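What follows is a single structure, written as structure tokens, with notes after it.
The values are calculated or read from the model by the stated rules, or taken from the named source; none is laboratory data. Note that the coordinates shown come from a computational prediction; the quantities given were computed from them, not determined experimentally. Heads up, the Cβs are rebuilt from the backbone with ideal geometry, glycines too, and the neighbour counts pull from every protein chain shown.
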Amino acid sequence: METRNILLTLVVAFFAAAAAAGGNHAAGGGHDDSAIGQPGQAAKVNRTVRVDMADTMHFTPANISVKQGETIRFVVKNSGQVKHEFVLGIEKELKEHYEQMKKFPQMEHADPNMVTVAPGQTGEVIWQFTKAGPVNFACLYPGHYDAGMKGLIKVTGDKSKRKENEHDHTH
């Protein structure tokens, strides 16, 4: 029994060390979902936006407009010859994450706001934009972000909700 406990402890310690060294994001990723929205549900997708990633270190389109409350399915195609990723976030967090990627370039992603796509393949992110304002996206592989592989999603407020709320208060 004691040998089994020691073995179990070693296995747990190994995986904890590997996750810390490799920088796997499965346990939270360090991004603030509330600032950019939240993972969307496939059944509630309002529309699909196709995004192409190329080895020219650009996204097409690089500027996207959505409405607050919309759930978007991003279908992300890698038309290049190297791995790329599509990561939603605020600019500050993307830059911080990029610095981590430079230290751990083999980092794997398991968060709902991002997808890594092999050459010639397609991935997807389903995201609900709950707040108006800018949401950035980027490829955080070393060298890609610095080369300009980033874009902007402009989330516009829902005017009908604003008008309803204006009539709900009294003076």
| Inside region 131-142, can you point out the residues that are under 13 Å from residue 153 (Cα atoms) and in a loop (DSSP other than H, G, I, E, B)? | 131, 132
| task | Could you tell me whether residue 94 is within 28 Å of residue 41 (Cβ to Cβ) and in contact with a Lys or Arg (Cβ under 8 Å, 6 or more places away or on another chain)? | result | yes
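To keep it simple, each residue is scored yes or no on (1) over 18 Å from residue 148 (Cα atoms); (2) surrounded by 14 or more Cβ atoms within 10 Å (Cβ to Cβ); (3) of a type outside the set (Asp, Glu).
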{"residue": "50", "(1), (2), (3)": "yes, no, yes"}
{"residue": "54", "(1), (2), (3)": "no, yes, yes"}
{"residue": "63", "(1), (2), (3)": "no, no, yes"}
{"residue": "70", "(1), (2), (3)": "yes, yes, no"}
{"residue": "84", "(1), (2), (3)": "no, yes, yes"}
{"residue": "122", "(1), (2), (3)": "yes, yes, yes"}
| message | Exactly one condition in (1) modelled with pLDDT of 95 or more; (2) touching a helix residue (DSSP H, G or I) at 6+ places or on another chain (Cβ under 7 Å); (3) assigned to a loop (DSSP other than H, G, I, E, B) is false for residue 120; which is it? | response | (2)
| said: On the basis of being within 17 Å of residue 127 (Cβ to Cβ), surrounded by fewer than 17 Cβ atoms within 10 Å (Cβ to Cβ) and touching a helix residue (DSSP H, G or I) at 6+ places or on another chain (Cβ under 8 Å), does residue 39 make the cut? | reply: yes
| query | Could you say whether any residue in region 18-39 is modelled with pLDDT of 95 or more, in contact with a strand residue (DSSP E or B) (Cβ under 9 Å, 6 or more places away or on another chain) and among the charged types (D, E, K, R)? | reply | no
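Given the residues 74, 104, which is the only one that is surrounded by fewer than 17 Cβ atoms within 10 Å (Cβ to Cβ) and of a type in the set (Phe, Trp, Tyr)?
104
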| Residue check, residue 141 within 28 Å of residue 42 (Cα to Cα) and out of contact with any Asp or Glu (no Cβ under 6 Å at 6 or more places or on another chain) | yes
| remark: Over region 127-146, the set of residues touching a residue at least 60 places away in the same chain (Cβ under 8 Å) and buried (at least 18 other Cβ atoms within 10 Å of the Cβ) is 127, 128, 129, 135, 137, 139, 144
| query | Quick check: anything in region 91-102 out of contact with any Ser or Thr (no Cβ under 7 Å at 6 or more places or on another chain), farther than 18 Å from residue 39 by Cβ and assigned to a strand (DSSP E or B)? | reply | no
